[in-house]
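Heads up: the structure comes next, in structure tokens.
The values are calculated or read from the model by the stated rules, or taken from the named source; none is laboratory data. These figures come from a predicted structure and were not determined experimentally. Neighbour counts run over all protein chains shown; Cβ positions are idealised from the backbone, glycine included.
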Amino acid sequence: MKRILVTGGAGFIGSHLCERLLKEGNEVISLDNYFTGSKKNIIHLLDNPYFEVVRHDITEPYYAEVDEVYNLACPASPIHYQHDPIKTIKTSVVGATNMLGLAKRIDAKILQASTSEVYGDPHIHPQPETYWGNVNPIGLRSCYDEGKRCAESLFINYHKQNDVRIKIIRIFNTYGTRMNTNDGRVISNFIVQALKGQDITIYGKGNQTRSFQYVDDLVEGMIRMMNTNDSVTGPINIGNPGEFSILELAEKIIKMTNSSSKIVFEPLPEDDPMQRKPDISLAKKTLNNWEPKVSLEEGLKKVITYFDEELKSI
Ligand code: NAD
Ligand code: UDP
């Protein structure tokens with residue numbers, strides 16, 4: 001039995017990861033300040049005696065004896081990470097420093113949930129890990145993008161300077177059950193709008209693309225990454241290479257929900273990336289032939305059912 005700390009454990013991805021790690025027989029601590037996460041996401045795990053819940057902010061040091069740390073604490077949706085940009089940067093940078101300090105002190109392995117946002121508005125398509133990206137350092141998204149880029153730098157330097165065993169994964173757009181219905185991300189927005197019969201808000205012309213990964217595929221990739229030998233540090237892309245335009249996504253969701261919603265076009269936010277698709281050859285090679293298994297249609301079906309129930313319970 002391993003003792004595992006998951007920061008951001010009450011969030012969308014963190015709660016799925018805690019669930020899976022517990023199922024595999026580990027002892028899990030969820031650490032969260034509940035900025036975007038909620039107890040509801042982990043309530044079904046609370047009667048497991050091997051699950052512990054800590055209310056804490058990772059911008060403050062934290063100490064526990066664990067074997068592994070998954071560092072997920074950070075708001076991920078643009079409306080949330082732009083709400084208090086300075087706090088977002090501190091969460092990525094000071095938070096990563098605190099967690100790396102902890103890993104160094106107790107000799108734990110530590111995995112960083114980095115992001116495809118480190119590629120910014122990419123000029124290379126699909127994006128391989130060798131691409132350095134195209135990020136506006138002073139734009140609206142920079143608190144998130146540059147915070148995550150700096151965290152990657154901290155991770156690699158703790159590894160080089162202090163031999164900390166690190167793993168960096170770059171997560172591409174991920175969706176699934178337990179996403180907030182109001183988190184402003186495209187899949188939650190479109191499904192909620194379609195279910196309520198409201199206008200579907202496409203920002204820009206809808207020709208920008210994203211590649212959507214179902215949360216179960218991500219969790220599988222994350223755990224495989226943590227279990228690689230110590231020479232594997234990453235960064236490694238974890239995403240689903242199926243690429244869709246935002247207009248295609250809107251049409252798919254309208255069809256799948258049988259909705260009467262109309263599409264409306266609104267201004268494109270500043271620095272919104274035009275295209276995004278992971279090159280996952282490194283993940284396949286390094287993570288035992290890992291590849292996503294859940295198609296967009298299959299995943300959307302599950303989330304539509306979930307949001308439908310959520311909306312009825314509000
Ligand atoms: P989320 O907002 O649901 O989860 C983040 C969790 O971190 C929340 O529970 C929140 O309360 C907690 N948190 C935020 N700031 C904190 C702080 N200072 N101290 C302690 N807890 C804090 O988002 P998510 O989609 O589950 O994302 C989880 C991680 O994965 C994030 O690091 C995010 O950057 C990364 N990621 C997500 C995606 C995606 O598409 N969902 C893509 C790339 C990277
Ligand atoms: N988007 C949209 N309508 C919405 C929400 C988002 O057209 O109601 C667009 C957004 O401009 C972006 C894409 O969908 O081009 C993905 O947005 P999201 O916030 O989900 O993720 P990110 O931009 O961080 O990849």
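Per-structure values
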read-out	value
Contacts under 8 angstrom Cβ, first residue in the stretch 111-122 being under 24 Å from Glu68 (Cβ atoms), partner of a type in the set (Lys, Arg) and part of a loop (DSSP other than H, G, I, E, B), 6 or more apart	Ser116/Arg276
Selection status of Thr233, part of a strand (DSSP E or B), more than 13 Å from ligand 1 (Cβ to nearest atom) and at pLDDT 95 or above	no
All positions within the stretch 84-111 that are more than 17 Å from the chain's Cα centre (by Cα) and within 11 Å of ligand 1 (Cβ to nearest atom)	Asp84, Lys87, Lys90, Val94, Asn98, Met99
Filter pass, Lys2 being of a type in the set (Lys, Arg), over 30 Å from Asp163 (Cα atoms) and either touching a strand residue (DSSP E or B) at 6+ places or on another chain (Cβ under 7 Å) or surrounded by fewer than 16 Cβ atoms within 10 Å (Cβ to Cβ) (or both)	no
Selected residue (criterion: nearest to Gly139 (Cα to Cα)) from residues of the stretch 74-103 that are among the aliphatic types (A, V, I, L, M) and within 15 Å of ligand 2 (Cβ to nearest atom)	Ile79
Residue selected from the stretch 238-283 under the condition farther than 18 Å from Asn173 by Cα and among the basic types (Lys, Arg), by the criterion nearest to the chain's Cα centre (by Cα)	Lys255
Residues satisfying the stated conditions in the stretch 158-196, i.e. assigned to a loop (DSSP other than H, G, I, E, B), within 16 Å of ligand 1 (Cβ to nearest atom) and charged (D, E, K, R)	Arg178, Asp183, Arg185
Restricting the stretch 217-271 to residues that are polar (S, T, N, Q) and farther than 21 Å from Glu298 by Cβ, the residue that is surrounded by the most Cβ atoms within 10 Å (Cβ to Cβ)	Asn237
Pair list, Cβ under 8 Å, 6 or more apart: the stretch 16-41 residue in contact (Cβ under 8 Å) with a residue 12 or more places away in the chain, other residue basic (Lys, Arg) and buried (at least 20 other Cβ atoms within 10 Å of the Cβ)	His16/Arg178; Asn41/Arg178
